[in-house]
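Notes follow once the structure below has been shown.
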Amino acid sequence: MTDVRFYHLQQKRLEEALPELVGKALEKKHRILVKSSTKERVEALDGVLWSFDPASFIPHSAQQDGTEKDQPVFLTTEEGNPNGATVLILTGGASADDLGPFALCCDMFDGNDEQAVDAARARWKQYKDKGHGVEYWQQDDSGKWQKKETQKQQG
């Protein structure tokens with residue numbers, strides 16, 4: 001079963017936190033699939049990954065580019081795993097029907113949006129009910145991630 005980590009964004013916006021998370025996964029030699037709920041959001045995140053830090057480079061492409069198989073990071077709205085990723089990052093309320101191909105799923109949600117928080121709670125319950133291990137991570141006042149809760153996989 002896939003482990004699912006929920007990242008409750010409070011101090012940083014997604015546009016600041018996503019490049020950090022993707023960068024850490026790349027350091028560990030993971031391939032990453034970033035899924036968002038709309039094509040417009042995918043295009044915006046594509047721009048963020050190109051421009052977040054002039055001294056850094058995150059090799060990636062987005063759905064409209066059509067080069068997913070060659071990319072260590074691929075952004076999409078679609079189901080599946082076109083780049084053979086081991087890490088799935090869900091943003092903007094996106095969900096995934098099948099977590100099977102992934103070792104880890106990171107669900108990033110806006111903690112300042114009550115609807116996003118409620119939707120994340122519902123996804124937590126769904127993943128837990130399916131037997132996935134779930135963890136809840138929250139930002140402290142400095143923006144660092146702190147693990148707040150863990151529920152192990154049912155087995």
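The values are calculated or read from the model by the stated rules, or taken from the named source; none is laboratory data. None of these values were measured; they are calculated from a predicted model. Methodologically, a virtual Cβ is constructed for each residue, glycine included, from the backbone with ideal geometry; neighbour enumeration extends over all protein chains shown. Quick note on the areas: whole protein, heavy atoms, side chains included, nothing else; ligands and nucleic acids left out. Shrake-Rupley method; radii C 1.70, N 1.55, O 1.52, S 1.80 Å.
For the range 45-94 versus the range 108-132, the spacing of their alpha-carbon centroids is 22 Å. Per residue, the average separation of C-alpha pairs within less than 8 Å and at least 6 apart gives the chain a relative contact order of 33 percent. Rounded to the nearest 20 debye, the dipole magnitude of the chain is 600 debye, with +1 charges on Lys and Arg beta carbons, -1 on Asp and Glu beta carbons, and the Cα centre as origin. Could you give the dipole magnitude of the range 1-83 about its Cα centre, charging the beta-carbon of Lys and Arg +1 and that of Asp and Glu -1, in debye to the nearest 20? With Lys and Arg at +1 and Asp and Glu at -1, about 300 debye. Comparing mean-square fluctuations of E20, E114, E78 from a GNM of the chain with C-alpha springs under 10 Å, the top value falls on E114. What shape does the range 1-121 take by its C-alpha gyration tensor, where a ≥ b ≥ c are the square roots of the eigenvalues and a/c under 1.5 counts as rounded, a/b above b/c as prolate, and the rest as oblate? Because its axes are fairly even, with a/c under 1.5, the range 1-121 counts as rounded. Checking the a/c ratio against 1.5 first, then a/b against b/c, what shape does the Cα gyration tensor give for the range 53-155? The shape class here is oblate.
Applying a threshold of 24 Å to the alpha-carbon distances of K128/K148; K12/K69; K39/K130; K12/K152; K35/K69 flags K12/K69; K39/K130; K12/K152 as lying beyond it.
Kirkwood hydrodynamic radius computed over the range 109-155 comes to 11.7 Å, based on all pairs of distinct alpha carbons.
On the beta carbon distance between Q10 and A44, with R0 = 22 Å, the FRET formula returns roughly 0.60. Before anything else, pin down the relative contact order of the range 1-72: Cα pairs under 8 Å, at least 6 apart, normalised by residue count, whole percent. Relative contact order of the range 1-72: 27 percent. Taking only protein heavy atoms and a 1.4 Å probe, the accessible area of the chain is 46% carbon and sulfur. Rounded to the nearest 500, the 222 nm mean residue ellipticity of the chain from helices alone is -9000 deg cm²/dmol, with -39,500 (n - 2.57) taken per DSSP H run of at least 4 residues.
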